[in-house]
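K.L.:
Before I ask anything, let me first share the structure, which is written out below as structure tokens.
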Amino acid sequence: MNKKILIIIIFISLFMPLTSVAQVDYKALRNEMVRTQIIQRRISDRAVIAAIRKVERHLFVPENVMCLAYNDHPLSIGEGQTISQPYIVALMSELLELNKNMKVLEIGTGSGYQAAILGEIAGEVYSIEIVEPLAVRSSQLINRLGYTNVYCKTGDGYLGWKEHAPFDAIIVTCAPSEIPGPLKEQLSEGGRMIIPVGGQFVQELVLLTKRNGKIKQRSVASVLFVPMLRDDRRRYQ
Ligand code: SAH
């Protein structure tokens, strides 16, 4: 064989695997994530599983970490903030026992991924993010993806969103040191709230339920979320 042709063949065969790696099959990664991280860990709510299978998580992370979007851990989304581990998103969504008639409040829009998952499962989603560049980016993405039932705003979620209260469910994806009073007030009768509570290094994921105006709470797991910021502590990180 001509030496030149041989060199070309060797070059192509070396290069081929690289080009196929470059074209990541995100759907396959997502299905594998659902199988190993969600179903095998006993998440059973069908709507939650369907939403996690559908929403393209890689679109919610910075381009340089897109190929890691389906891995079993949180990822940095800039501004010192993170997108939660997929399993935690599924667990918190499942614990809220959502359906299409419900109105949900999310504190900490971040990347917008959890809001999109909620948008698939619930009727209306109200999501608040305190860090403006994140709030702008995530609400643009959510609009672009066509979630007309997800409403976003920039602000301090500690105070909730009074104009749209009460909420059938509240999900908090940043950790305050104690459960904010306004959020308890804005939870509807029979409603459920899932919230990480604690210090910077030790937190408990707490599930609250409101019955006859009384709040009951139980601890679900030990978790680690970014701290809840307040307007006056915005630069604290
Ligand atoms: N649910 C997000 C997780 C983001 S991490 C996702 O799916 O990507 C938690 C987010 O809470 C961060 O973006 C952080 O800026 C935001 N946050 C912190 N304190 C807040 C507050 N008081 N009100 C609203 N958002 C807050």
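K.L.:
Can you pull out every residue in the stretch 24-45 that is in a helix (DSSP H, G or I) and over 23 Å from ILE142 (Cβ atoms)?
P.N.:
ALA28, ASN31, GLU32, ARG35, THR36, GLN37, ILE39
K.L.:
I'd like to verify a number: residues in the stretch 139-166 that are assigned to a helix (DSSP H, G or I) and touching a Phe, Trp or Tyr at 6+ places or on another chain (Cβ under 8 Å), how many? Step through it out loud before you land on a result.
P.N.:
As a first pass, look at the stretch 139-166 and keep what is assigned to a helix (DSSP H, G or I): 139-144, 157-159, 162-164.
Among the residues that remain, those that are also touching a Phe, Trp or Tyr at 6+ places or on another chain (Cβ under 8 Å) are: 141, 164.
Within the stretch 139-166, residues that are assigned to a helix (DSSP H, G or I) and touching a Phe, Trp or Tyr at 6+ places or on another chain (Cβ under 8 Å) number 2.
K.L.:
Same structure, new question: Looking at the stretch 80-97, is at least one residue more than 17 Å from LEU229 (Cα to Cα) and either of a type in the set (Asp, Glu) or part of a strand (DSSP E or B) (or both)?
P.N.:
So far as the stretch 80-97 goes, yes, one or more of its residues are more than 17 Å from LEU229 (Cα to Cα) and either of a type in the set (Asp, Glu) or part of a strand (DSSP E or B) (or both).
K.L.:
Only one of GLU129, GLU63, GLU79, GLU106 is open to solvent by 20 Å² or more (accessible area, probe 1.4 Å), modelled with pLDDT of 95 or more and of a type in the set (D, E, K, R); which? Break it down stepwise before answering.
P.N.:
Numbers: GLU129 fails: open to solvent by 20 Å² or more (accessible area, probe 1.4 Å); GLU79 fails: modelled with pLDDT of 95 or more; GLU106 fails: open to solvent by 20 Å² or more (accessible area, probe 1.4 Å).
Matching residue, one of GLU129, GLU63, GLU79, GLU106: GLU63.
K.L.:
When you look at GLY110, is it part of a loop (DSSP other than H, G, I, E, B) and farther than 15 Å from GLN81 by Cα, yes or no?
P.N.:
Judged against the criteria, GLY110 is not a match.
K.L.:
To continue, here is another question. In the list LEU68, LEU59, LEU96, LEU75, which residue meets the criterion of being over 25 Å from ALA169 (Cα atoms), away from the ligand (no atom under 13 Å from the Cβ) and aliphatic (A, V, I, L, M)?
P.N.:
Just one listed residue meets the conditions, LEU68.
K.L.:
Residues in the stretch 137-171 that are over 24 Å from LEU208 (Cα atoms), within 12 Å of the ligand (Cβ to nearest atom) and open to solvent by 50 Å² or more (accessible area, probe 1.4 Å): how many? Give the derivation first.
P.N.:
Going residue by residue through the stretch 137-171, those that are over 24 Å from LEU208 (Cα atoms) are 137-149, 153-154.
Adding the requirement that they be within 12 Å of the ligand (Cβ to nearest atom) leaves 137-138, 141-142, 153-154.
Checking which are open to solvent by 50 Å² or more (accessible area, probe 1.4 Å) leaves us with 137, 153-154.
Qualifying residue count, the stretch 137-171: 3.
K.L.:
Could you tell me how many of the residues in the stretch 111-126 are within 11 Å of the ligand (Cβ to nearest atom) and open to solvent by 10 Å² or more (accessible area, probe 1.4 Å)?
P.N.:
Looking only at that region, the number is 2.
K.L.:
Of everything in the stretch 13-39 that's open to solvent by 90 Å² or more (accessible area, probe 1.4 Å) and more than 15 Å from ASN71 (Cα to Cα), which residue is modelled with the highest pLDDT?
P.N.:
Selected residue: GLN23.
K.L.:
Go through the stretch 162-184 and give me each residue that's in contact (Cβ under 8 Å) with a residue 60 or more places away in the chain and within 23 Å of SER84 (Cβ to Cβ).
P.N.:
PHE167, ASP168, ALA169, ILE170, ILE171, VAL172, THR173, CYS174, LEU183 - these are the residues of the stretch 162-184 that are in contact (Cβ under 8 Å) with a residue 60 or more places away in the chain and within 23 Å of SER84 (Cβ to Cβ).
K.L.:
Do we find that ARG230 is basic (Lys, Arg) and either within 20 Å of LEU118 (Cβ to Cβ) or without any contact (Cβ under 8 Å) to a residue 60 or more places away in the chain (or both) in this structure?
P.N.:
The answer is no for ARG230.
K.L.:
Looking only at the stretch 172-196, which residues are surrounded by fewer than 21 Cβ atoms within 10 Å (Cβ to Cβ) and β-branched (Val, Ile, Thr)?
P.N.:
The answer is ILE179, ILE194.
The values are calculated or read from the model by the stated rules, or taken from the named source; none is laboratory data. Quantities reported herein were computed from a predicted structural model and do not represent experimental measurements. Counting neighbours? That spans all protein chains shown, and the Cβs are built from the backbone with ideal geometry, glycine included. Calculation scope for accessible area: heavy atoms of the full protein, side chains included, ligands and nucleic acids excluded. Shrake-Rupley method; radii C 1.70, N 1.55, O 1.52, S 1.80 Å.
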